[in-house]
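Notes for the one structure printed next.
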Amino acid sequence: MIKTLKYQSQSVAKYYFAAALLLFVGQIVFGLAMGLQYIVGDFLFPAIPFNVARMVHTNLLIVWLLFGFMGSAYYLVPEEAETELYSPKLALALFWIFLLAGALTVVGYLMVPYAKLAEWTGNDLLNTMGREFLEQPLPTKVGIVIVALGFLFNTSMTLLKGRKTSISLVLHIGLWGLALMFLFSFVNPSNLVRDKMYWWFVVHLWVEGVWELILGALLAFVLIKTTGVDREVIDKWLYVIIAFALMTGILGTGHHFYFIGLPGYWQWIGSIFSAMEPIPFFMMTVFAFNMVQRRRREHPNQAAVLWAVGTSVMGFLGAGLWGFIHTLSAVNYYTHGTQITAAHGHLAFYGAYVLVVITMISYAMPTLRGRVANSQRAQNVEMWSFWIMTVSMGIMVLALTGAGILQVWLQRMATNPTPFMATQDQLNFFYWIRLWGGVGFLVGLVTYLMSFFIGGEEPVLAAAGGDARAVPAQRA
């Protein structure tokens, strides 16, 4: 077995990646339960009502992506800084704290009525619960802040004592921004307009702001390692992309201010800058293809290259194109809160963030397991999983888009609007397609997990960390 890690402390990332994938499976299982509840309304009722299944589904999405970001940072930062992680023990301690807090929270959602859970966890002391995506009890929110601060202290100290690169700096700006924006989840004013503003400061400025910096940094890191393109070239692309992402993302928050009681000028600001939000994602697509075409070597981990290119393409389609089709205020007036929003949300999260975390796992996990790259047989299975998940997500998104268009027509544009529940009955055909797309997605995810257990002959490949030295093939 050859040494595949440049720095031994990178090995803590394996725990975070394993937890992320486990929680990912849980998220999809609850998503399928919700998909069936759309069609069979009393499925699992009263054991798991729809609102509880939805809460677990969305919270697991956020938590497993955070585990993925943390694991990616613990792998990336030592290599970029050219020094060991400041405190591997702190990283492991925070891992178990975060995992235990997340598990207890999910158990609380499933076993205790939400109002009773709020009463038991001190919501009267500081009212923070009850808002979508931010349903976590107060102790969980406090725990998230403690874990985030400990994590940022660990990686920032590593960065300060080592080499500073554009990738690690951009990554840390995104990670610190993520932590700071989350503090607005503790602010829950009685004024509904202010409440929605602060809520979007967390939700929007995460996924369409600081998370995009994390996305850009992780994608740039993998492309440097797998293509051998000069760091200076990739740095220039990265700076331009994040500049556009921040400019359009921050002012693009205005597309959530259209109809919540804020001044009318937000309809212009939100429409203009939201219409520009596809630009950084399109640039990311051009960037990825450009780097792959200019590659100086054929990296043995071709599965990671596929995930990286897939991130840029699907991110542009989901966050860019599907976001654009209903972001203008005149269009959003009719489409807001319909299944078109759900279509955009599913494809955007999958393309921009799910895929970039899997890209990092695909690149890093072989080295964390003592290999430089997985066998070709394992990579073939992994690449099949990419196509199964991506096609299945496409089926889901097209079904939701069709449902949304019909919903807008029946419920919001007709002369005699159809009542909400009567409209839902008309969408069952699309909901069945969405459900089968979800089943296909779970099959793709299981296929991806199976690739971890496939052995075989490793290819002749570059040495650890992407250096261009050839090493003998090793038995996996």
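The values are calculated or read from the model by the stated rules, or taken from the named source; none is laboratory data. All values derive from a computational prediction rather than experimental measurement. Ideal geometry is used to build each Cβ from the backbone, glycine not excepted, and the neighbour counts take in all protein chains shown. Side chains are part of the model used for accessible areas, which takes the heavy atoms of the whole protein and leaves out ligands, DNA and RNA. Shrake-Rupley method; radii C 1.70, N 1.55, O 1.52, S 1.80 Å.
Quick look at the numbers
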| item | result |
| --- | --- |
| Within the accessible area of the chain (1.4 Å probe), percent carbon and sulfur | 70 percent |
| Cα-based Rg / Dmax (Å) for the range 177-229 | 15.9, 54 |
| C-alpha center-to-center spacing [the range 205-275, the range 427-448] in angstrom | 30 Å |
| Mean projected area (nm²) of the alpha-carbon convex hull when the range 39-166 is viewed from all directions | 9.7 nm² |
| Qualifying trypsin sites (Lys or Arg not before Pro) for the range 322-385 [loop in DSSP, other Cβ within 10 Å: at most 11] | none |
| Probe 1.4 Å, all protein chains present, accessible-area order of ILE395, ILE146, largest first | ILE146, ILE395 |
| More than 12 Å apart - percent of Cα-Cα pairs taken over the range 41-94 | 73 percent |
| Distance in nm between pseudo-label sites at MET421 and LYS6 (7 Å out along the Cβ direction from Cα) | 6.1 nm |
| Span per principal axis, largest first, for the Cα atoms of the range 158-296 (Å) | 56, 35, 16 |
| Among the listed pairs LYS161/LYS196; LYS6/LYS89; LYS116/LYS141; LYS89/LYS236; LYS14/LYS116, those beyond 29 Å (Cα-Cα) | LYS161/LYS196; LYS89/LYS236; LYS14/LYS116 |
| C-alpha center-to-center spacing [the range 139-173, the range 37-59] in angstrom | 36 Å |
| Rg/Rh (Cα only; Kirkwood hydrodynamic radius) as it applies to the chain | 0.96 |
| Radius 11 Å from Cβ of LEU262, net charge of other residues (Lys, Arg +1; Asp, Glu -1) | +2 |
| Solvent exposure of the chain as accessible area per residue, Å², 1.4 Å probe | 41 Å² |
| Sparse-neighbourhood loop sites, chymotrypsin sites (Phe, Trp or Tyr not before Pro) in the range 110-154 - DSSP loop, at most 16 other Cβ within 10 angstrom | PHE133 |
| Chymotrypsin sites (Phe, Trp or Tyr not before Pro) within the range 230-336: DSSP coil, no more than 14 neighbouring Cβ in 10 Å | PHE259 |
| Solvent-accessible ranking of ILE454, ILE167, largest area first, probe 1.4 Å | ILE454, ILE167 |
| Debye intensity ratio in log₁₀ form over the Cα atoms of the range 393-450, taken at each q of 0.12, 0.21 Å⁻¹ | -0.36, -0.75 |
